[in-house]
Amino acid sequence: MSREDAAQPEFWEKRFRENATPWDAGRVPEALGQFLKTEPRGRRALIPGCGSGYEVRAFAEAGFETLAIDFAPAGVERARRTLGPLAHLVRLLDFFDFEFGRPFDLVYERAFLCALPRRMWPGYAPRVADLLRPGGRLAGFFFFDEGERGPPFGLKAGELEILLGGRFDRIADADVDDSIPIFAGKERWQVWTRR
Ligand SMILES: C[S@@+](CC[C@H](N)C(=O)[O-])C[C@H]1O[C@@H](n2cnc3c(N)ncnc32)[C@H](O)[C@@H]1O
């Protein structure tokens with residue numbers, strides 16, 4: 001195992017501790033805010049790899065029973081600081097290896113898939129599909145880039161359709177206007193329904 005392997009919590013722990021977090025938007029992205037305005041209350045959402053977790057409050061205020069997880073202790077600490085009284089919604093867990101009991105209605109994606117080394121991508125869609133009930137949705141921001149290096153590891157043209165297409169149908173796809181610099185012009189807001 002390399003110390004510089006993004007599959008390991010230590011990789012992210014180091015970056016949180018050194019405050020080297022260029023992915024951190026410091027706010028809730030506009031498209032998510034708009035999306036949450038039209039969502040019914042009382043549903044269950046998972047936020048994997050939540051980092052600072054700004055979105056957790058937005059989900060909770062929109063009436064979602066929300067669980068945010070991260071496998072880096074410093075990420076969890078950060079999110080808990082960000083969230084104050086909602087800190088209990090954040091837990092130290094590995095996305096690929098935790099017992100979730102009841103399935104979720106929604107899994108939120110931002111800078112999580114692109115944080116995983118590409119060798120782990122084949123495990124992402126089956127895991128998200130297991131976590132969701134049939135008809136549940138994977139919604140969020142997907143990072144597209146033709147380069148090889150990362151993180152962030154970019155999806156190449158047609159790659160997301162291959163990864164998700166066997167289990168999910170895409171029902172929304174839009175440009176993003178308020179990206180932070182590392183994602184500018186390279187991310188799209190998409191919603192996929194689990195078959
Ligand atoms: C690039 S950061 C994005 C954080 C957050 N989603 C955001 O938008 O600011 C990726 C995050 O995913 C977490 N992570 C990576 N692999 C994980 C796994 N298998 N389980 C849980 N968290 C993971 C990292 O610790 C890190 O906090």
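Derivation of every value follows stated rules applied to the coordinates shown; laboratory data play no part. Everything numeric in this text was worked out from a predicted model, so none of it was measured.
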Check Ala111: other-chain or 5+ apart residues with amide H under 5 Å from its amide H, H built from backbone geometry?
-> Phe141
So, in Å, what gap is there between the alpha-carbon centers of the stretch 16-53 and the stretch 152-172?
-> 20
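Per the helix-only calculation at 222 nm, which mean residue ellipticity applies to the chain, given -39500 (n - 2.57) for every DSSP H run of n ≥ 4 and division by its residues, nearest 500 deg cm²/dmol? Don't skip to the end; give the middle numbers.
Values: 6 runs with 53 residues, N = 195.
Computed ellipticity for the chain at 222 nm equals -7500 deg cm²/dmol.
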Residue-wise, which Karplus ³J(HN,Hα) couplings in Hz belong to the stretch 129-141, taking 6.51 cos²θ - 1.76 cosθ + 1.60, θ = phi - 60°, and x for glycine or proline?
-> 4, 5, 6, 9, 6, x, x, x, 10, 9, 10, x, 10
Given a cut-off of under 8 Å on Cα pairs at least six residues apart, what relative contact order in percent is computed for the chain?
-> 18
If you count the DSSP beta bridges with both ends in the chain, what percent of them are antiparallel, to the nearest 5?
-> 45
Applying the Karplus parametrisation 6.51 cos²θ - 1.76 cosθ + 1.60 with θ = phi - 60° to the phi angles of the stretch 51-56, what ³J(HN,Hα) value in whole Hz is obtained for each residue in order, glycine and proline being reported as x?
-> x, 5, x, 4, 6, 4
